[in-house]
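A short write-up of the structure that comes next.
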Amino acid sequence: MNRHLLVALMSLILLSSPLSAQEATPQPNPRDAVGVMIAAVASRDANAIAALYAPDAIVLGASRPVVAGREAIRESWIQSFAAGYSVLEVGRPRTERGADRALMVFLWQATIQPAQGEAQQVVGRTMLYFTLGADGWLISADMWQPAG
């Protein structure tokens, strides 16, 4: 195979794969993750949300199967955006922090606006468990449930 063609094919494969979903964006403070998540929901950026999670993170949702791993979390958010998830509002988070672990709890309200139909408001509560790595904080576990 022509070397230039091989380089072009490899570039195309790399550019079309969800690399950003595989890369983490650790936060300097656990509370910073909430602002990133709110902005990512507003822009419907599943990669930015997934990047807040550790590679082996889990999400435990009410009456749902466990979502395990950054790529599965990304896919879950893609599905949520396709269903109309468009706005996330978060109440004042309460954070307990140790040397390399942190726990955050907060109430939230989400707007789900399906393509066909009226907007719905969903109220819930979340508990995020963070771990501190060399570059900053990542979500290791996320547990949420409706609160209404």
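Just so it is clear, none of the values below were taken in a lab; they were calculated from the coordinates. Since the structure is predicted, the reported quantities are computational estimates derived from the model, not experimental observations. So basically every Cβ, Gly included, is an ideal-geometry build from the backbone, and we count neighbours across all protein chains shown.
If a spin label sat at a point 7 angstrom from the Cα of residue 145 along the line to its beta carbon, the backbone N atoms of segment 33-77 nearer than 12 Å would be those of 61-64. Classify segment 3-146 as rounded, prolate or oblate, taking a ≥ b ≥ c as the square roots of the eigenvalues of its Cα gyration tensor: rounded when a/c is under 1.5, otherwise prolate if a/b is larger than b/c and oblate if not. Here segment 3-146 falls in the oblate category.
Local charge for residue 107 was computed over the other residues whose Cβ lies under 12 Å away, with Lys and Arg +1 and Asp and Glu -1, and equals +2. Computed from point charges on the beta carbon alone (+1 for Lys and Arg, -1 for Asp and Glu), the dipole magnitude for the chain about its Cα centre is near 100 Debye. Report summary: the helix-based calculation at 222 nm, which adds -39500 (n - 2.57) for every DSSP H run with n ≥ 4 and divides by the residues of the chain, gives -9500 deg cm²/dmol. Mean-square fluctuations from a GNM of the chain, with a 10 angstrom spring cutoff on Cα atoms, peak among 52, 103, 138 at 103. Which angle between 0 and 90 degrees, to the nearest 10, do you get for helix 70-82 versus the longest principal axis of the chain when only C-alpha atoms count? In the chain, helix 70-82 runs at an angle near 70 degrees to the longest axis.
Here the extension length gained between residue 97 and residue 135 equals 12.0 nm, from 0.36 nm per residue of separation less the Cα-Cα distance. Between 92, 125, 64, the residue with the greatest mean-square fluctuation in the GNM of the chain (Cα pairs under 10 Å linked by springs) is 64.
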